[in-house]
Amino acid sequence: MPSTIKVLFLAAEAEPFIKVGGLADVAGSLPLALRCLSPSDAGGAVLDVRLVLPLYQNIHIGTEALPPVMTFPVFRRGGDLKAQVYKTALNGMPVYFIAGNPISASDSVYSTDPAADREKFAFFSLAALELARRLDWQPDILHANDWHTSMALYALRSRRTGHDKQPLHSVLTVHNLPYMGGDGTDVLSAYGLAPLEEASFPPWACSQPLPLGLWSADALVPVSPTYASEILTPAFGCGLETFLQSRAGAITGILNGLDTATWDPAKDEALAANFTAEELSARATNKAALQKQLGLEPDPCIPLLASIGRMDHQKGLDITLTALPQLGDRPWQFVLLGTGDPALEDQARQLQAKHPDRVRAAVRFDAPLGHLIYAGADLFLMPSRYEPCGLAQMIAMRYGCLPLGRATGGLKDTIREGETGFLFQEPNAASMLEALERALSTYAHQKEWKKLQRSAMGKDFSWPRSARQYAMIYHSLLSQQRHEKSVATIPNSKI
């Protein structure tokens with residue numbers, strides 16, 4: 001076992017450079033957490049992790065601050081494309097940015113043109129793989145995330161020669177299985193790759209980036225243990241469940257972590273008053289400030305319910321908006337923050353219009369308000385139809401805002417009924433309403449409620465816990481030869 005394990009970590013986005021969704025939180029935190037593990041926590045090895053990102057036009061760092069590292073061609077039929085590599089550091093971690101026409105031609109991380117995104121991320125993935133071959137620093141592990149970087153793993157396996165002395169093992173973290181990248185037949189052909197020919201593979205998946213990554217990776221990591229089990233079933237497997245069952249031995253669910261420095265109620269400058277689990281009384285100041293800011297009745301005894309995030313079918317906002325009016329004469333207030341599906345945005349505004357004394361729909365992005373909601377609301381609603389991991393419930397718990405969620409994916413793994421929050425089983429208003437009634441009955445007994453708050457705030461969702469599990473996977477890959485296929489090696493860029 002080497003004394004240093006070198007990991008090249010590929011992602012479409014990462015904080016603090018560029019952020020659209022939750023992937024940026026993971027890619028901005030996990031590599032640093034891995035590097036910070038002591039050898040005793042990392043199986044006796046030092047983890048040398050380096051991050052690779054596309055150099056978007058709107059990246060949060062000026063290109064003038066990025067010294068160039070190298071330039072090389074990436075094979076593409078009809079003429080090679082030039083990739084430029086730049087380098088900076090994040091808390092001591094080397095970060096490489098890859099530029100090139102398919103990336104620079106895009107004015108956003110994710111565009112409205114799926115074909116353009118497939119081209120962009122195929123170029124990025126293959127350029128990152130070529131970077132791994134050309135660096136003096138030779139990685140042991142290529143760690144990809146979701147469909148955007150899966151093509152690197154497919155090319156790694158497809159183009160292996162078996163002659164290189166330096167093996168390159170691969171890991172794919174699956175953040176959201178339904179987002180597979182679409183039909184990439186044209187992009188595969190353009191970059192010298194053929195669609196997969198595998199009898200056990202659904203024909204429709206043989207040219208989609210994420211399925212190709214799932215076939216190629218040595219280790220698959222869904223972002224929670226329950227989600228790792230769910231994707232093996234027809235309800236959550238998106239048509240790949242039979243294939244994934246055949247790879248069950250390579251699948252390990254690891255719960256995402258939380259940036260506990262950013263999300264710290266004892267130090268959060270966006271709050272009206274800071275507090276800890278030992279000094280919960282200060283939460284009341286935040287609740288009063290939140291009610292005042294939103295124009296709600298400033299009554300500390302009214303249970304204040306909240307929801308923050310993307311408004312779409314997956315998150316089950318329609319379930320919330322249907323269930324709340326059925327609470328009848330019970331006292332409650334509800335605040336919603338987020339944007340998304342225009343139909344759901346309208347439905348939220350309609351609920352506010354019908355209940356102006358109870359409901360506030362803030363249809364916008366507002367980070368400071370989000371922090372105050374976590375610190376001032378009593379109950380956080382997450383009726384997701386599926387939830388690979390979820391961070392909002394972890395943040396809510398850290399701020400003493402008890403989560404109420406559907407028992408799926410990461411919600412089931414992080415929320416403990418009657419201990420740190422409330423769970424319901426079916427993705428419908430009736431099931432959620434029963435849990436709401438149970439939660440509000442508990443809220444009426446403040447001594448018991450505060451006990452639950454302290455229990456929730458005491459849970460450890462920090463990244464080191466997750467990083468140690470990833471380190472175990474790295475060790476496993478380096479200490480065992482795979483039985484079902486030969487280990488891939490760092491390939492040349494052409495075949």
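Just so you know, all these numbers are worked out from the coordinates, no wet-lab data involved. Worth saying up front: this structure is predicted, and the values here are computed from it rather than measured. So basically every Cβ, Gly included, is an ideal-geometry build from the backbone, and we count neighbours across all protein chains shown.
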Once amide hydrogens are built 1.01 Å from N within the peptide plane, the residues lying 5 or more places from Phe422 or on another chain with amide H under 5 Å from its amide H are Leu404, Gly405
Where in the stretch 18-39 is the amide nitrogen less than 16 Å from a point lying 7 Å along the Cα-to-Cβ axis of Ala367?
-> 18-29
Cα-based reach from Lys267 at 17 Å (exclusive), listing aspartates and glutamates while leaving out same-chain residues under 8 positions away | Asp259, Glu278, Glu279
Across the stretch 324-330, in residue order, what do the Karplus-derived ³J(HN,Hα) couplings come to in whole Hz, using 6.51 cos²θ - 1.76 cosθ + 1.60 with θ = phi - 60° and x for Gly and Pro?
-> 4, x, 7, 6, x, 7, 4
Once you sort the root eigenvalues of the Cα gyration tensor of the stretch 280-457 as a ≥ b ≥ c, which label holds: rounded (a/c under 1.5), prolate (a/b larger than b/c) or oblate (the other case)?
-> rounded
Centre separation in Å (Cα based) which lies between the stretch 1-31 and the stretch 151-230 = 19 Å
Quick one: what are the phi-derived ³J(HN,Hα) couplings along the stretch 14-24, Karplus 6.51/-1.76/1.60 with θ = phi - 60°, whole Hz, x for glycine and proline?
-> 6, 5, x, 7, 7, 9, 10, x, x, 4, 5
For the stretch 192-208, in order, what is each residue's ³J(HN,Hα) by Karplus, 6.51 cos²θ - 1.76 cosθ + 1.60 with θ = phi - 60°, in whole Hz (x at glycine and Pro)?
-> x, 10, 9, x, 5, 10, 9, 4, 7, 9, x, x, 5, 9, 6, 10, 9
If you take the charge dipole of the stretch 280-457 about its Cα centre, with +1 on Lys and Arg Cβ and -1 on Asp and Glu Cβ, which of Gln326, Leu290, Leu304 is farthest toward its positive end?
-> Leu290
Helix-only [θ] at 222 nm, the chain, -39500 (n - 2.57) per DSSP H run of 4+, per residue, nearest 500, equals -10500 deg cm²/dmol
State the extension gain, in nm to one decimal, for the chain segment bounded by Thr262 and Asp357, taking 0.36 nm per residue of separation less the distance between their alpha-carbons.
-> 30.9 nm
About the Cα centre, charge dipole magnitude for the chain (Lys/Arg +1, Asp/Glu -1 at Cβ), debye = 780 debye
Quotient of C-alpha Rg and 2.2 N^0.38 Å, computed over the stretch 1-119 | 1.17
With a sphere of radius 13 Å drawn around the Cβ of Ala45, what net charge do the other residues whose Cβ falls strictly inside it have (Lys, Arg +1; Asp, Glu -1)?
-> 0
Quick one: work out Rg over Rh on the C-alpha atoms of the chain, Rh as Kirkwood radius.
-> 0.99
So between Arg454 and Arg438, what do we pick up on full extension, going 0.36 nm a residue minus the alpha carbon distance?
-> 3.9 nm
Could you pull out the pairs from Lys6/Lys120; Lys6/Lys87; Lys19/Lys87; Lys315/Lys412; Lys19/Lys82; Lys19/Lys287 whose alpha carbons sit more than 23 Å apart here?
-> Lys6/Lys120; Lys19/Lys82; Lys19/Lys287
Using a Förster distance of 41 Å, the FRET efficiency for Ser104-Asn428 (Cβ separation, nearest 0.05) = 0.35
How fast does the stretch 374-418 diffuse by Stokes-Einstein, in µm²/s, taking the Kirkwood radius from C-alpha pairs at 4 °C and 1.567 mPa s?
-> 127 µm²/s
Rounded to the nearest 0.05, what FRET efficiency do Glu198 and Arg349 have when you use their Cβ-Cβ distance and R0 = 60 Å?
-> 0.80
Using amide H atoms built 1.01 Å from N in the peptide plane, name the residues 5+ places from Ser170, or on other chains, whose amide H lies under 5 Å from its own.
-> Leu142, Asp218, Ala219
What translational diffusion coefficient, in µm²/s and rounded to a whole number, does the Stokes-Einstein relation yield for the stretch 221-262 at 37 °C and a viscosity of 0.692 mPa s, taking the hydrodynamic radius as the Kirkwood radius over Cα pairs?
-> 301 µm²/s
Counting only residues 5 or more places away or on other chains, whose amide H sits under 5 Å from the amide H of Val359 once H atoms are built in the peptide plane?
-> Phe334
So the FRET efficiency between Thr112 and Glu417, C-beta based with R0 = 35 Å and rounded to 0.05, is 0.30
Distance (nanometres) between label positions extended 7 Å along Cα→Cβ at Glu279 and Asn58 | 3.9 nm
Taking only Cα atoms of the stretch 265-349, radius of gyration then Dmax in Å | 14.9, 42
In degrees, nearest 10, the alpha-carbon axis of helix 342-354 is tilted away from the dominant principal axis of the alpha carbons of the chain by 10 degrees
